[in-house]
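Notes for the one structure printed next.
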Amino acid sequence: MSISFSRNVRNAGLISALVIAPCFAFTPGLVSAAETIKAQVTTAPNVPPPITRTAPANIVVELEAHEWVGNLSDDNKYKFWGFGPAGGTGTVPGPMIRVMVGDTVEIHLKNNKDSKESHNIDFHAVTGPGGGAAMLNTEPGEESKLRFKALSAGLYFYHCATASPSIPEHIANGMYGGILVEPVGGLKKVDKEFYVVQSEF
């Protein structure tokens, strides 16, 4: 890689960080005016309970990146990378998050001290370059935070977008999950909800 290309990539990253920062600026008045709720995240196939409130809230989501060796089958071990609830263990897929349009979402991402890699999260529910990933770059044993406003209803993917060793490697090893942004007033009532994310190893 040429030095000028490397410098341009670094400069582009810096510009992206400067442009994205105002999109997620912390607004003290907004945060103090609404209720603060710790998100109840769940692992597949479970889904967090439907939202029954009608007013936006400040939602705190605590996640932790993990690297561990687990079994793909009785005879095959695999080194997984994944997200889990803070203080818990990693899961594949990562936890499901449920918020509502208008909520201010505050992500706390810890990277387990035993990790070897840097990790972050690109939220496809976030408006702005890279889904906030640049602001969540987290080294082993460290913690990063991101605040954003949930603007559009939908079911969105999130994944690690760290370039080293490569974004596809982080995703292929298990660093992905889902975030549901409910419309105000909620979704239609159903008998049972399931959280399913398809992937291959």
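The values are calculated or read from the model by the stated rules, or taken from the named source; none is laboratory data. Just so it is clear, the model here is predicted, and its values are computed rather than measured. Neighbour counts are summed over all protein chains in view; Cβ atoms, including those assigned to glycine, are modelled from backbone coordinates with ideal geometry.
What the table shows:
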| item | result |
| --- | --- |
| Qualifying residue in the range 147-164 (condition: closer than 25 Å to residue 116 by Cβ, part of a loop (DSSP other than H, G, I, E, B), at pLDDT below 95 and of a type outside the set (A, V, I, L, M)) | yes |
| Some residue of the range 66-74 being polar (S, T, N, Q), surrounded by fewer than 23 Cβ atoms within 10 Å (Cβ to Cβ) and more than 28 Å from residue 190 (Cα to Cα) | yes |
| Among the residues listed as 193, 169, the single one being among the acidic types (Asp, Glu), part of a loop (DSSP other than H, G, I, E, B) and over 13 Å from the mean Cα position of the chain (by Cα) | 193 |
| Set 145, 113, 149: member being farther than 16 Å from residue 181 by Cα, over 12 Å from the mean Cα position of the chain (by Cα) and not aliphatic (A, V, I, L, M) | 113 |
| Counted residues, the range 158-201 - those being among the aliphatic types (A, V, I, L, M), under 18 Å from residue 92 (Cβ atoms) and either crowded, with 20+ Cβ neighbours inside 10 Å or in contact with a Pro (Cβ under 7 Å, 6 or more places away or on another chain) (or both) | 5 |
| Residue list for the range 60-100, filter: within 22 Å of residue 36 (Cβ to Cβ), touching a Ser or Thr at 6+ places or on another chain (Cβ under 7 Å) and among the aliphatic types (A, V, I, L, M) | 60, 96 |
| Subset of the range 121-139 [part of a loop (DSSP other than H, G, I, E, B) and within 23 Å of residue 153 (Cα to Cα)] | 121, 124, 125, 126, 127, 128 |
| Selection from the range 51-65 of residues that are in contact with a strand residue (DSSP E or B) (Cβ under 7 Å, 6 or more places away or on another chain) and closer than 29 Å to residue 188 by Cβ | 51, 56, 57, 58, 59, 60, 61, 63 |
| Residues that are surrounded by 19 or more Cβ atoms within 10 Å (Cβ to Cβ) and assigned to a strand (DSSP E or B), drawn from the range 92-109 | 96, 97, 98, 99, 100, 104, 105, 106, 107, 109 |
| Hits in the range 110-120 (condition: over 14 Å from residue 161 (Cβ atoms), of a type in the set (D, E, K, R) and assigned to a loop (DSSP other than H, G, I, E, B)) | 113, 114, 116 |
| Residue within the range 146-159 that is among the basic types (Lys, Arg) and farther than 22 Å from residue 34 by Cα present | no |
| Top-ranked residue in the range 45-65 [being of a type in the set (A, V, I, L, M) and closer than 11 Å to residue 97 by Cα; ranked as surrounded by the most Cβ atoms within 10 Å (Cβ to Cβ)] | 63 |
| Long-range neighbours under 7 Å by Cβ, at least six apart or interchain, first residue in contact (Cβ under 8 Å) with a residue 40 or more places away in the chain within the range 63-82, second among the β-branched types (Val, Ile, Thr) and in a loop (DSSP other than H, G, I, E, B) | 66/89; 80/92; 82/92 |
